[in-house]
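J.: Before we start, here is the structure in question, set down as structure tokens.
Each reported figure results from applying straightforward, stated rules to the coordinates on display, with no laboratory input. Fair warning: this is a prediction, and the values are worked out from it, not measured in the lab. Cβ sites come from the backbone with ideal geometry, for glycine too, and all protein chains shown count toward neighbours.
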């Protein structure tokens with residue numbers, strides 16, 4: 001961040017390959033937070049959006065998730 005402010009050039013964004021993401025999701029498959037890891041990885045939810053999720057935001061009947069925060 002400091003270099004970005006000094007030079008005005010954004011740093012290159014690091015993005016996982018499909019193989020890296022698959023390996024990570026396989027590694028955390030038994031983790032209690034796996035659904036959050038999955039949402040972040042495959043649906044693009046950010047940390048704040050994940051932290052703001054509530055049960056009322058999830059419809060198991062329609063298989064929909066509403067992101068409000």
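J.: Across segment 37-62, what is the total count of residues that are surrounded by 10 or more Cβ atoms within 10 Å (Cβ to Cβ), in a loop (DSSP other than H, G, I, E, B) and within 8 Å of the chain's Cα centre (by Cα)? Give the derivation first.
T.: From segment 37-62, those surrounded by 10 or more Cβ atoms within 10 Å (Cβ to Cβ) are 37-43, 45-46, 49-53, 57-59; that's our starting set.
Filter once more, so that each one left must be in a loop (DSSP other than H, G, I, E, B): 45-46, 52-53.
Subset that is within 8 Å of the chain's Cα centre (by Cα): 45-46.
The total comes to 2.
J.: (1) surrounded by 10 or more Cβ atoms within 10 Å (Cβ to Cβ); (2) part of a loop (DSSP other than H, G, I, E, B): which one isn't true of residue 9, the others all being true?
T.: Against the list (1) surrounded by 10 or more Cβ atoms within 10 Å (Cβ to Cβ); (2) part of a loop (DSSP other than H, G, I, E, B), residue 9 comes up short only on (1).
J.: Considering only segment 12-26, how many residues are under 15 Å from the mean Cα position of the chain (by Cα) and outside any loop (DSSP other than H, G, I, E, B)?
T.: Residues in segment 12-26 being under 15 Å from the mean Cα position of the chain (by Cα) and outside any loop (DSSP other than H, G, I, E, B): 6 in total.
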